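The values are calculated or read from the model by the stated rules, or taken from the named source; none is laboratory data. Keep in mind it's a predicted model, so treat the numbers as computed, not measured. A quick note on method: Cβ atoms are made from the backbone with ideal geometry, for glycine too, and the neighbour counts reach across all protein chains shown. Please note that ligands, DNA and RNA were not included when accessible areas were found on the heavy atoms of the full protein model with its side chains. Shrake-Rupley method; radii C 1.70, N 1.55, O 1.52, S 1.80 Å.
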Amino acid sequence: MATLETSPDLAPIAERADAPATLPALTAGGLTWRPATADDAAVLLDLRNTIADADAEPYRETLEEITELFDAPWRRFEDDSILGFDAAGALRAYGHVETMPGDSRTLRAFLFGGVHPSRRGEGIGRELFAWQVARARQVLATSGKELPARIGVFAEDDGPASKLRLYERAGFEPRRFYTDLRRDLRDLEAAPLPEVVLDGSLRLVPFSPELDEATRLAHNDAFRDHWGSEPNTREQWTSGRTGFAPQWSHLVVDEAPDVEALLADPHTDDETAAALRAGEPLVVGYAMNELFTEDFEVRGYSFGYTGVLGTRRAYRGRKAALAALLASMRAFAADGMEYACLDVDTANPSGADGLYASLGYTKTHGSRLLSIEL
């Protein structure tokens, strides 16, 4: 587990969060409100996909994805979610406040929600979003973590302008921009992928469950200097894997790491240090990939998706992540996928934009994170 980085110069989180004693009332539209439960998975799926279709979002969800939201032990739907039903009992709006147990540098609360297209323009979304912001402030105030804090919400760049206006009027500012990319795999003879030779004791291997924990540790190290990234606990890392495609995922391991040098590195975290002392395998690069067949029709093509890609900081410049990514792209193509897809933070500190452009990735669409920083 990562060490909590306290911030003594900040005012107490309970003061900064400025949480209301009670949550605002939800009266618009005459809906009846209650928290979400696992039994709501099917109707919640229908509402979320209806919203995605109306807003031309480039993805759809499955029942398995919604169901696994309720399986994560850290989510408290009884306190942090709200569903609005009409007089006929149909779900017409939902809201959820999400926090993560691994946050140790910045405490984050993300807001997810929406209103059925047929009920927009009645003030439901405005009241619902105010409820979410208020609940996020309450969650942060009672967290017990004296850290910088953030309330965040994501929006597609080409989504409804009314959503952006709602967020910005509530005090949220655009903070980060993300680009979704794709690379054509249909004719690798005409547009071949480069070959990469790993140096020294680095070896490319297929993903295996035995290396999953070592991959989590590599990911936490790789992303500790990325804005907005926080360590993953074991339960976070293994949760939400409905779309995980282990057959497409690849890792790079160091078969003879310089253990003493890594232990002497002040940036080596406690969990990695313990694994090194125990002689556990050291994953230094990884490409963890996913399969979302429900999105093929929406996008108009089949694809493999690289969900997380990275290299341990001490191994940057040795092409570990590149080797894992290229192996993944070849695996996509071998299984008949037309494209390789991924998304990237446009301000990624590792220069990922240039790498992807050199491999033939091009932009399909973009999204952004808006936030209130506390």
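Which order do the peptides 275-282, 307-314 come out in when sorted by mean C-beta neighbours inside 10 angstrom, highest first?
Values: 275-282: 14.5, 307-314: 21.0.
Order by mean packing, descending: 307-314, 275-282.
Solvent-accessible area of TYR315, probe 1.4 Å, all protein chains present, reported in Å² to the nearest ten, please.
Near enough 10 Å² of accessible area.
For segment 125-232, what log10 I(q)/I(0) values come out of the Debye formula at q = 0.12 1/Å, with one point per alpha carbon and no solvent?
The Cα Debye sum returns log10 ratios of -0.79.
State whether segment 144-199 is rounded, prolate or oblate according to the following rule on the C-alpha gyration tensor (a ≥ b ≥ c being the square roots of its eigenvalues): a/c under 1.5 gives rounded; otherwise a/b larger than b/c gives prolate, and the remaining case gives oblate. Could the numbers behind the result be given before it?
Details: a/c = 5.94, a/b = 1.85, b/c = 3.22.
Cα axes put segment 144-199 in the oblate bin.
With the cut-off at 1.5 for a/c, could you classify segment 5-76 from its C-alpha gyration tensor as rounded, prolate or oblate? It would help to have the intermediate numbers written out before the result.
On the way: a/c = 2.09, a/b = 1.61, b/c = 1.30.
Prolate is the answer for segment 5-76, as a/c is 1.5 or above and a/b outweighs b/c.
Any idea what the alpha-carbon Rg over 2.2 N^0.38 Å comes to for segment 165-300? Intermediate results must be reported in sequence, preceding the final value.
Details: Rg = 18.8 Å, N = 136, 2.2 N^0.38 = 14.2 Å.
Normalised by 2.2 N^0.38 Å, the Cα Rg of segment 165-300 equals 1.32.
If R0 is 25 Å, what FRET efficiency do you get for ARG313 and THR362 from their C-beta distance, rounded to 0.05? Write down the numbers at each step before the final one.
Values: r = 28 Å, r/R0 = 1.14.
After rounding, the FRET efficiency stands at 0.30.
Can you run phi through the Karplus equation (6.51, -1.76, 1.60; θ = phi - 60°) for segment 103-110 and list ³J(HN,Hα) in whole Hz, with x for Gly and Pro?
Ordered by residue, 3J(HN,Hα) equals 4, 9, 10, 9, 7, 10, 10, 9 Hz.
Kindly state, as a whole number, the per residue volume in cubic angstrom of the convex hull around the alpha carbon atoms of segment 254-374. Could you put the intermediate results ahead of the total?
Values: hull volume 20.1 nm³, N = 121.
Considering the Cα atoms of segment 254-374, their hull volume per residue is 166 Å³.
Report the equivalent ellipsoid semi-axes for segment 287-333 in whole Å, largest first, defined as the square roots of five times the eigenvalues of the gyration tensor built from alpha carbon atoms.
Details: eigenvalues 139, 21, 8 Å².
Whole-Å semi-axes of the equivalent ellipsoid: 26, 10, 6.
Report the rotationally averaged projected area of the chain based on its alpha-carbon convex hull, in square nanometres. Show your work: numbers first, answer last.
Numbers: hull surface 76.5 nm².
Average of the hull's projected areas for the chain equals 19.1 nm².
Could you run the Karplus curve 6.51 cos²θ - 1.76 cosθ + 1.60 with θ = phi - 60° over segment 120-130 and give me ³J(HN,Hα) per residue in whole Hz, x for Gly and Pro?
3J(HN,Hα) across segment 120-130, in whole Hz: 7, x, 9, x, 5, x, 5, 5, 5, 5, 4.
For segment 58-213, what does the accessible surface come to per residue with a 1.4 Å probe? Please give it in Å².
Values: 7200 Å² over 156 residues.
Heavy-atom accessible area per residue stands at 46 Å².
Pull up the DSSP beta bridges for the chain and report the antiparallel fraction as a percent, rounded to 5. Display every interim value, and only then the final one.
Working: 55 of 63 bridges.
Counting only bridges with both partners in the chain, antiparallel ones make up about 85 percent.
Percent of Cα-Cα pairs per 10 Å bin, from 0 to the last occupied bin, for segment 1-156, please list those.
10, 37, 34, 16, 3, 0
Computed over the Cα atoms of segment 64-168, what is the convex hull's projected area averaged over all directions, in nm²?
On the way: hull surface 32.4 nm².
Mean projected area for segment 64-168: 8.1 nm², to one decimal.
Order 151-158, 25-32 from most to least packed using the mean count of other Cβ atoms within 10 Å.
Details: 151-158: 18.6, 25-32: 15.4.
Result, highest mean Cβ count within 10 Å first: 151-158, 25-32.
At 1.4 Å probe size, with the rest of the protein present, what percent of the exposed accessible area of the chain is carbon and sulfur atoms? Spell out each step's value before the answer.
Numbers: 8620 of 16980 Å².
That share works out to 51 percent.
Sort 106-116, 41-51 by the packing proxy (mean of other Cβ within 10 Å over each peptide's residues), most packed first.
Details: 106-116: 21.5, 41-51: 18.1.
Ranking, from highest mean packing down: 106-116, 41-51.
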